[in-house]
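To start, the structure under review is shown below, and the notes come after it.
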Amino acid sequence: PFRFDCTTSEAAMASSTPKIDFDQALKIIGCTEEAFEKMAQKEFKVVDKDGSGSIDKKEFAPVVSKIVGTMIELGEKFSKEEKETAVADVMKAVDKDNNGTLDFKEFCDAMKLAILAIEMADIGSKV
């Protein structure tokens, strides 16, 4: 199954089946790249509770919790440890400058990873 301990979404996909890329995932959910960008901008402002222009681990935790919950509903299995480390794992995967926060581009990378993970889990639940 998909795990968040990767350094890029491509690395995550390499160990998962079936394989889809971000463009395919967008098509599956009926979303264009432009629509994704607008949605991401809107969500970034919502998640950035303190308006600092970056998202810290505390602000990001509810987002990851929802992603994991959705994946579990679709049949993915997560150990207790994987659930507990999911936020740190995602932050590590997308925080390219290693400053402990996510800027907008890093947040977009996290959302892309989430879309891929959820779509793969959904496809996997139908196989």
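The values are calculated or read from the model by the stated rules, or taken from the named source; none is laboratory data. All of these numbers come straight from a predicted model, not from anything done at the bench. With ligands, DNA and RNA removed, areas are computed over all heavy atoms of the protein, side chains included. Shrake-Rupley method; radii C 1.70, N 1.55, O 1.52, S 1.80 Å.
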Completion exercise
Applied in sequence order to the stretch 55-65, the curve 6.51 cos²θ - 1.76 cosθ + 1.60 (Karplus, θ = phi - 60°) yields integer Hz couplings, x standing for Gly and Pro, of 10, 8, 4, 5, 5, 7, 3, x, 5, 5, 4
Problem - In Hz, Karplus ³J(HN,Hα) per residue of the stretch 114-123 (6.51, -1.76, 1.60; θ = phi - 60°; x = Gly, Pro) - result: 5, 4, 4, 4, 5, 5, 5, 5, 5, 4
Practice task
Determine the alpha carbon to alpha carbon distance for each of LYS57/LYS83; LYS27/LYS105; LYS80/LYS105; LYS66/LYS112; LYS57/LYS105; LYS58/LYS92 and list only those over 18 Å.
Solution key: LYS27/LYS105; LYS80/LYS105
Problem - Distance from the stretch 24-74 to the stretch 86-127 (C-alpha centre basis), Å - result: 9 Å
Problem - Rounded percent of accessible protein surface that carbon and sulfur make up, the stretch 38-127, 1.4 Å probe - result: 54 percent
Problem - Extension gain, ALA35 back to GLU81 (0.36 nm per residue minus Cα-Cα distance, nm) - result: 13.1 nm
